[in-house]
Amino acid sequence: MDQDCLQALYRLSHTQALLALCNRSLARALDERALLQAFCTHLVEAGGYCFAWVGYAAHRGCGRVRLMAQAGPPDAAFAAEVFAACNARDCPSACRVACMGGQPVLLRDLSRPCDLAPWADAARRHGLRSMIALPLQVNGRPFGTFSLFADTPDAFDGQAVALLAELAEDLALGIQTLRARAAQAQEVCRLRIDAEREARGRLAASLHDGVGQTLQALTLGLKQARELARHQDPVPVELLDQLVAEAGDALRQVRAVTCELRPPFLDRVPLREAIRLYCSDIAQRAGGSIRFQADESPFALEDHVKEQCFLAFREALSNALRHAGASRIVVVLRVRPQDRLILAVLDDGVGFDTRQTFERPSGLGLSMIRERAQGVLGRARIRSAPGRGTQVRISVPLSREPAPCP
Ligand SMILES: Nc1ncnc2c1ncn2[C@@H]1O[C@H](COP(=O)(O)OP(=O)(O)OP(=O)(O)O)[C@@H](O)[C@H]1O
Ligand SMILES: [Mg+2]
């Protein structure tokens, strides 16, 4: 094998390793800055470039570039000189041109004077011989630059430029995905705050209009009874009956509110029974039928897991009743002994586009189902499509304790 062939093979294996590392970082990225840093580090450590950095356009039109991540600068003063050139008013440096213009800028030989490399003297002193500045862009709109320096002239041949342009594209896409995810998380957070505020408002209104009014009437009746007693007059039985009835009403109203907040029967009955009772109660109230299919084998669940399971199930069932227009709703409880409990709510209703709904959530229920399941180390799978019904499947780990029932 001749020298050229060997070198080509060596370059290929380097390129493959670099691509694998960058792809892994893209797949695992949770944080934008960490992703940028990982790309710079991979390009220096696995790609063999001397210095890599990423800058974002500070804001549209002002021409300034903000440093976001860097790896391998020969020294801090050189890095500062390169970034300063990007931000100097009348200086068309390579990085700035790529960032503003949306086209790669390639400087093949830094020993030749070039307007685009005001830092060329310092680069040469540090043994840097060529550089490329690639734009980062989304939908054809540049928002930053990805710049690399090499220690040989002409280090960026056609193949390398194509590969790096592809990496810059992947990086821009990765950034876009992370931002969309962050925006979605923010939207869910906003919805949750709104829902909490609304729930607090509902609670306050129901306490004020319900139990508040009843207690008010009770107080007036008691005052009347006290006046009678103070004057040694008999308190009529009708008045006492009325007071007892009002006290009973107040108690019922308080129970209704607390029941909505946390179903009290969960403490008394096993999960299977709680679900059975809830299904028959809500079916009666909604005037339809809900089929409950349950394994009868015993299982144990920790209290907080039981509560989260029930609340997730209640939301899935409420969605089926509110949104599906289904002719058939089935609730399934399966026990995989020593392993997991599976709880599913299936309907044959109108279904919905899950992707669209998760991207632009209109309510909180579905994300709460997922969060509740994840919060107890379980999973929730929501499958649906327009016209094809909906399946919500929650699976949670069973308790290891040998308790006979939940
Ligand atoms: N079983 C279902 N059948 C048809 N559409 C459904 C079903 N479950 C959910 N959806 C659709 O998904 C949307 C989001 O549901 P989600 O439970 O997150 O919010 P919501 O029920 O609208 O409001 P919230 O639960 O906050 O009171 C619903 O508005 C509805 O369009
Ligand atoms: Mg809902």
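All of the numbers you see were taken from the coordinates with simple rules; none came from a lab. Remember, it's a predicted structure, so these values are computed and weren't measured experimentally. Here Cβ is always computed from backbone atoms with ideal geometry, including for glycine, and neighbour counts include all displayed protein chains.
Key figures for this structure:
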read-out	value
Dipole magnitude (debye, nearest 20) for the chain, charges at Cβ of Lys, Arg, Asp, Glu	480
Taking region 158-289 and dividing mean pair separation by its residue count, relative contact order in percent (alpha carbons under 8 Å, at least six apart)	21
Potential extension, ASP157-CYS114 segment - 0.36 nm per residue separation minus Cα distance	13.6 nm
All-pairs alpha carbon distance profile, region 266-397, 10 Å steps from 0, percent	13, 46, 34, 8, 0
Farthest toward positive dipole pole in region 1-142 [+1 Lys/Arg, -1 Asp/Glu at C-beta], among PRO73, LEU106, LEU35	LEU35
Whole-Hz couplings from phi, Karplus 6.51/-1.76/1.60, listed for region 379-390; x for Gly and Pro	9, 10, 10, 10, 10, 6, 7, x, x, 10, x, 9
Sequence-distant residues sharing a close amide H with ALA300 (under 5 Å, placed H)	SER399
Stretch gain in nm, segment ARG268-VAL332, where the contour uses 0.36 nm per residue and the Cα spacing is subtracted	20.9 nm
In Hz, Karplus ³J(HN,Hα) per residue of region 299-306 (6.51, -1.76, 1.60; θ = phi - 60°; x = Gly, Pro)	8, 10, 10, 5, 4, 5, 5, 4
Region 301-352: C-alpha pair distances exceeding 13 Å, %	61
Relative packing of 358-365, 191-198, 48-55, 150-157, which averages over residues the other C-beta atoms within 10 Å, highest first	48-55, 150-157, 358-365, 191-198
Per-peptide average of other Cβ atoms within 10 Å, ordering 271-283, 239-251 highest first	271-283, 239-251
Most positive-pole-ward Cα, VAL244, GLY201, LEU191, against dipole of region 185-261 from beta carbon charges	LEU191
Inter-site label distance for GLN184 and ALA286 at 7 Å from Cα along Cβ, in nm	2.7
Expected 222 nm ellipticity per residue - DSSP helices of 4 or more, -39500 (n - 2.57), all of the chain, to 500	-17500 deg cm²/dmol
Debye equation applied to the C-alpha atoms of the chain, log10 I(q)/I(0) at 0.12 Å⁻¹	-0.97
Modelled FRET efficiency - R0 30 Å, ARG322 with SER399, Cβ distances, 0.05 increments	0.40
Packing rank of 348-355, 80-87, where each peptide gets the mean count of other beta carbons within 10 Å, highest leading	80-87, 348-355
Relative contact order [Cα under 8 Å, 6+ residues apart], region 3-179, whole percent	20
Net lengthening on full extension, LEU203/PHE358 (0.36 nm per residue, minus Cα-Cα)	53.0 nm
Contact order relative to length of region 185-261, as percent, for alpha carbon pairs under 8 angstrom and 6 or more apart	40
Rounded to the nearest 20 debye, dipole of region 289-329 from Cβ charges on Lys, Arg, Asp, Glu	380
